[in-house]
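All of the numbers you see were taken from the coordinates with simple rules; none came from a lab. Computed from a predicted structure; not experimentally measured. No Cβ is skipped: glycine too gets one built from the backbone with ideal geometry, and neighbour counts run over all protein chains shown.
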Amino acid sequence: MNCKKAERWIPLAAGNDLSAKKAAAVRGHLERCPDCRKDVAELEQALRAAKTLAGAERAGDWSEAEWRSLLRIVTAGGIKKKRVWAGLPLKPVLAGGLGLVFLAFGSFLLLKKSPAPPFTQASFKSPSLEQVQTKGLNDLPKITSKTIVSKETGFKIIWFYNKNFQGDGFGK
Amino acid sequence: MKNGLPAAFIAGLLLLSFKPAFAGDGQRAGAKPVEILFTVQLILGSVSDEDRTDESLKNDPVIKEIRSLMKYRTFLLLDTSLVRSKEREPVQAILGKQRQYILFLNPTFDTDDKDENIRTEIRFSYNFPGQKGTDLIQSTLALKSGERTVLGVSKPQGIEPVDQGLILIISGKFIR
């Protein structure tokens, strides 16, 4: 049994509300654990002080079982310690962290590239292209191409063969 | 606070189900569009006995590679242009002494942790005044940022003597 479990069971054991097996386990733990023994001693002392005060207030006609029950209620219903992480409440931090993870993942999906739109004649809105098209570019010749790759360097040339090519009549 | 975790979970699911707000032209709303600077060199390659290559190109490593792979010996720089663009924003450059060549680019970007790549549709057209316009190159290119890519066009072999070819050296670099 560890201290955490013992801490939960000690008030029950004090009120004789534990099974014999569990009570024996608590006693065994108390024999081994000086910290828990100290806690029990403090509880007993608090109980005695409460009884003394109650006697002064003339409220001392409670039975022992009632006092034990009160002790159990007080200790079991004590202020719950909030779990903290780096000085902050754990659950809100977890919730915020998870939210941030979702935000980051969502942003990643949003920013992921969408496929490029297909290239079409209509995708060119340039007026000068339209001027060119009116001059006959719609009658496109069949253009064949080949890729020439250097065995030594891997250098590539993409070469097109076009029967309408006339060379450059101007050059220099 | 007991409901904090489920509430965050539900909020996350709602966020995931929310469709992104894209602007009409495909740009991400609120995101600064990445720009790219294309550098384009238009070069005329020709078959010749003697090397009359422009001085500016003589020591160019790309020209040396082209020379080793193709039959062209003389390379003349016809024009150079810088074209600035954004993703999915078609741009054009007019090239040539007579402004007879038009280059259209329609880039999209593909970036990951390691590489920055550019995928661009490309059309290279010849539009000499008084003649019928002709598409010389029409393709899709995958470029690595800062890397020079070479394209070229010539007449098919076997139809007529092939003694000239137009070469485009294109590189794209992201501007941030």
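Above 22 Å lies some portion of the pair distances; for the stretch B:77-158, what is it as a whole percent of all C-alpha pairs?
That tail contains 31 percent of the Cα-Cα pairs.
What percent of all Cα-Cα pairs in the stretch B:31-175 falls into each 5 Å bin, going from 0 up to the bin containing the maximum distance?
Spelled out per bin, shortest first, that is 2, 9, 18, 21, 18, 15, 9, 5, 2, 1, 0.
Which FRET efficiency value, to the nearest 0.05, do you get for A:Ala20 and A:Ser63 by plugging their Cβ-Cβ distance into 1/(1 + (r/R0)^6) with R0 = 30 Å?
Here the calculated transfer efficiency is 0.85.
At 0.36 nm per residue, minus the direct Cα-Cα distance, what do A:Arg48 and A:Cys33 gain on full extension? Give it in nm, one decimal, please.
The span from A:Arg48 to A:Cys33 would gain 3.1 nm if fully extended.
What list of ³J(HN,Hα) couplings, whole Hz, do you get for the stretch B:50-59 from phi and the Karplus terms 6.51, -1.76, 1.60, once you set θ to phi - 60° and write x for glycine and proline?
Using θ = phi - 60°, the values come out as 10, 7, 10, 4, 4, 4, 5, 9, 4, 9 Hz.
Which entries in A:Lys146/B:Lys144; A:Lys151/B:Lys71; B:Lys71/B:Lys114; B:Lys64/B:Lys114; A:Lys156/B:Lys71 show an alpha-carbon gap greater than 25 Å? Write down the numbers at each step before the final one.
Values: A:Lys146/B:Lys144 20 Å; A:Lys151/B:Lys71 16 Å; B:Lys71/B:Lys114 37 Å; B:Lys64/B:Lys114 29 Å; A:Lys156/B:Lys71 15 Å.
Exceeds cut-off: B:Lys71/B:Lys114; B:Lys64/B:Lys114.
Could you give me the ³J(HN,Hα) list for the stretch A:37-44, computed from phi with Karplus coefficients 6.51, -1.76, 1.60 and θ = phi - 60°, whole Hz, x at Gly and Pro?
After applying 6.51 cos²θ - 1.76 cosθ + 1.60, I find 4, 5, 4, 5, 4, 5, 5, 4 Hz.
Can you give me the distance in nm between label points at B:Asp112 and B:Ala7, each placed 7 Å from the Cα along the Cα-to-Cβ direction?
4.0 nm
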